[in-house]
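The values are calculated or read from the model by the stated rules, or taken from the named source; none is laboratory data. On a predicted model such as this, the values are computed, not experimentally measured, just so you know. Neighbour counts run over all protein chains shown; Cβ positions are idealised from the backbone, glycine included. These area figures cover heavy atoms from the full protein model, side chains too; ligands, DNA and RNA do not enter into them. Shrake-Rupley method; radii C 1.70, N 1.55, O 1.52, S 1.80 Å.
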Amino acid sequence: MTDRDDASDEDRHGHDHGDRHGHDHGDRHDHGHGDRHDHDHGDHHDHDVDSVGVAVVTVSTSRSADEDPAGDYVAAAFEDAGNEVVVRELIPDDYDSVQGTVDRLARRKDTDAVVTAGGTGVTPDDVTPEAVRGLFAKRLPGFGELFRRLSHEEIGTRTIGSRATAGVVSATPVFCLPGSENAVRLGVDEVILPEVGHLVGLAGRGVDEKGEKAEPDEETGSGGETEPEGGAEADPKSGEEPSESDDA
């Protein structure tokens, strides 16, 4: 993320990231999510899982692994809630880096959800929403809508600059948050953690009996939607707003 003026909540809290750094917490393993593939259709919540394995990605060209309060908060909040952080990575504000990293992590068998922090603003190098959009097999427009409504209670009309977004990639829910610690705290505590077990369970119904995640779509090569003709403008049918920011 680039430097912002005082109108940006992210810079007001001094949350700049640094060079790419990956923290892989061990070999892939089974989180005991057998219930994820137990398709009892008697109840909409029968597929909910109690614990998930999450990949945490900080998107920034100016922060470092030692100075990553947003990523630190995501990891701590998930662990405190009884979940496992299976990998952490810090990558630059680069379209290919964001898209490739999210795609790779979503395909890992030990990863049930991916949370990114950063790159959702309106400066030219804020490209996280554009990078992940083509990966989404399904979009979750309600995530951004709810995040902006809750954010309005804290920062008022500045929330119109927020482009927080979410969707499903390779049967894995992916949540993209702004990079400020306040925004991350709001999104994780108020939106993601209350629903991640439910969404993981539902998204996992597309996984085959061997536990293998879906192969990429032959047309897009990514398992997601094709970009709308004319570039990266938001699809009016998706429910997403065309502009969002790194405010909390």
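Residues of the range 183-217 that are outside any helix (DSSP H, G or I) and either among the charged types (D, E, K, R) or modelled with pLDDT of 95 or more (or both): Asp208, Glu209, Lys210, Glu212, Lys213, Glu215, Asp217.
Could you tell me how many of the residues in the range 76-97 are open to solvent by 30 Å² or more (accessible area, probe 1.4 Å) and assigned to a helix (DSSP H, G or I)?
Going residue by residue through the range 76-97, those that are open to solvent by 30 Å² or more (accessible area, probe 1.4 Å) are 76, 79-82, 84, 88, 92, 94-96.
From what is left, the residues that are assigned to a helix (DSSP H, G or I) are 76, 79-80, 95-96.
Residues flagged as open to solvent by 30 Å² or more (accessible area, probe 1.4 Å) and assigned to a helix (DSSP H, G or I) within the range 76-97 amount to 5.
Just checking, does the range 165-182 include any residue being part of a helix (DSSP H, G or I) and within 21 Å of Asp93 (Cβ to Cβ)? Yes, the range 165-182 contains at least one residue that is part of a helix (DSSP H, G or I) and within 21 Å of Asp93 (Cβ to Cβ).
Between Gly144, Gly119, Gly156, Gly100, the distinction of being under 17 Å from Leu177 (Cβ atoms), at pLDDT 95 or above and assigned to a helix (DSSP H, G or I) belongs to Gly144 only. Across the range 46-57, a minimum of one residue is classified as closer than 14 Å to Val174 by Cβ, touching a residue at least 40 places away in the same chain (Cβ under 8 Å), open to solvent by less than 10 Å² (accessible area, probe 1.4 Å) and assigned to a loop (DSSP other than H, G, I, E, B). Criterion applied to Thr116, Thr111, Thr101, Thr123 was being over 18 Å from Gly197 (Cα atoms) and open to solvent by less than 20 Å² (accessible area, probe 1.4 Å), and the one residue passing it is Thr101. Looking across the range 36-63, the residues that are modelled with pLDDT of 90 or more and among the small types (Gly, Ala, Ser) come down to Ser51, Gly53, Ala55, Ser60.
Restricting Val74, Val86, Val98, Val188 to residues that are more than 21 Å from Arg205 (Cα to Cα) and in contact with an Asp or Glu (Cβ under 6 Å, 6 or more places away or on another chain) narrows the list to Val86. Of Asp66, Asp72, all but one fail to be open to solvent by 10 Å² or more (accessible area, probe 1.4 Å) and at pLDDT 95 or above; the exception is Asp72.
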